[in-house]
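Colleague: Mind having a look at this structure? Questions to follow.
Laboratory data are not the source of any read-out in this text; all were calculated from the coordinates shown. In this text, all values refer to a predicted model and were calculated from it rather than measured experimentally. Note: ideal-geometry Cβ built from the backbone for every residue, glycine included; neighbour counts use all protein chains shown.
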Amino acid sequence: MGKDNRINIRVRLVIIHDRKVLVQYRQKGDFYHYIGGHLEYGETIETACKRETKEECGDKAEFDFQKVLYIRDFIKPDENEHSLELFILGSINRTEKLDGLKDPEHPDGSVWLTWLDIDNLPDNILPKTLSPKLLRDFNNRFPKVGEYIGEIE
C-alpha cells in the first residue's frame, strides 16, 4: 500500500469552559476548527490529545480525557485526503490567557486560539454541520459515547 492510500487518524479536542468552546481561527480561509492534529505512529489516542494540547495551548496545559464523543469520516479524494476524526471531550487546567494565543507552527501569526460561545457558534466553524448537534448534546450532558456521525461537511 503506497503512502497516498493510507488513512490518517486525527484527534479533535472538544474543550468547553463556561459555555465557551476552545477553537483555532485560521485567518487564511477565514474559518474556525477544533484544536488537535494527527495521531503519531505508536501513540495512544489519549497521549495524542495530551501532546496536541501542549503544542497548541502551551507546555503547562494539561488535558483531562473524558470520552470519545464523535467519530467522523473526512474524505476529499480530489486532495488525496482520507482521515478518520475522533472528537474527544475533555477539559484543561489552563483556561486563562489562551484567547489570541498564536500557534507556533504558523510563524506568520495567521492561526490563533479563541473561545466561542457554544450558544452562538459562527457559520464558519468546521465541520459546519456539527455545531447544532454539539449544542444539543452539550445541553443533554453528552449522553452518547463514540457516536459514529459518518461523513459530514
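Colleague: Please specify each residue of the stretch 17-42 satisfying the condition of being under 27 Å from Asp123 (Cα atoms), assigned to a loop (DSSP other than H, G, I, E, B) and among the small types (Gly, Ala, Ser).
Modeller: Within the stretch 17-42, just Gly29 meets the criteria.
Colleague: Looking at the stretch 94-153 only, could you name the residues that are among the acidic types (Asp, Glu) and under 19 Å from Val68 (Cβ atoms)?
Modeller: Across the stretch 94-153, the qualifying residues are Asp137, Glu147, Glu151.
Colleague: Would you pick out the residues in the stretch 137-153 that are surrounded by 10 or more Cβ atoms within 10 Å (Cβ to Cβ) and either touching a Leu at 6+ places or on another chain (Cβ under 8 Å) or more than 20 Å from Asn120 (Cα to Cα) (or both)? Lay out the reasoning, then the answer.
Modeller: Going residue by residue through the stretch 137-153, those that are surrounded by 10 or more Cβ atoms within 10 Å (Cβ to Cβ) are 137-139, 142, 144-147, 149, 152.
Once the filter is applied, which keeps residues that are surrounded by 10 or more Cβ atoms within 10 Å (Cβ to Cβ) and either touching a Leu at 6+ places or on another chain (Cβ under 8 Å) or more than 20 Å from Asn120 (Cα to Cα) (or both), the stretch 137-153 yields Asp137, Phe142, Lys144, Val145, Gly146, Glu147, Ile149, Ile152.
Colleague: Identify, please: which residue in the stretch 83-99 is surrounded by 18 or more Cβ atoms within 10 Å (Cβ to Cβ) and among the aliphatic types (A, V, I, L, M) and is, among those, farthest from the chain's Cα centre (by Cα)? Full working, then the answer.
Modeller: Going through the stretch 83-99, the residues surrounded by 18 or more Cβ atoms within 10 Å (Cβ to Cβ) turn out to be 85-90, 92, 98.
Keeping just the survivors that are among the aliphatic types (A, V, I, L, M) gives 86, 88-89, 92, 98.
Details: Leu86: 8, Ile88: 8, Leu89: 9, Ile92: 14, Leu98: 15 Å.
Here the residue is Leu98.
Colleague: Also: Scan the strands (runs of 3 or more DSSP E) fully inside the stretch 43-153 and keep the ones with 2 or more residues being out of contact with any Phe, Trp or Tyr (no Cβ under 7 Å at 6 or more places or on another chain), among the acidic types (Asp, Glu) and farther than 14 Å from Val21 by Cα.
Modeller: 63-76
Colleague: Within the bounds of the stretch 113-136, is there any residue that is among the basic types (Lys, Arg) and touching a Leu at 6+ places or on another chain (Cβ under 8 Å)?
Modeller: Checked the stretch 113-136: no residue is among the basic types (Lys, Arg) and touching a Leu at 6+ places or on another chain (Cβ under 8 Å).
Colleague: Collect the residues in the stretch 100-123 that are surrounded by 13 or more Cβ atoms within 10 Å (Cβ to Cβ), more than 21 Å from Asp137 (Cβ to Cβ) and either touching a residue at least 60 places away in the same chain (Cβ under 8 Å) or among the charged types (D, E, K, R) (or both), keeping them in residue-number order.
Modeller: Correct list: Lys102, Asp103, Ser110, Val111, Trp112, Leu113, Thr114.
Colleague: What residue, among those in the stretch 23-72 that are in contact with a Cys (Cβ under 8 Å, 6 or more places away or on another chain) and hydrophobic (A, V, I, L, M, F, W, C), is surrounded by the fewest Cβ atoms within 10 Å (Cβ to Cβ)?
Modeller: Step one: filter the stretch 23-72 for residues in contact with a Cys (Cβ under 8 Å, 6 or more places away or on another chain), giving 35-36, 63, 65.
Restricting the remaining residues to those that are hydrophobic (A, V, I, L, M, F, W, C) gives 35, 63, 65.
Working: Ile35: 24, Phe63: 25, Phe65: 18.
Going through the qualifying residues, I end up with Phe65.
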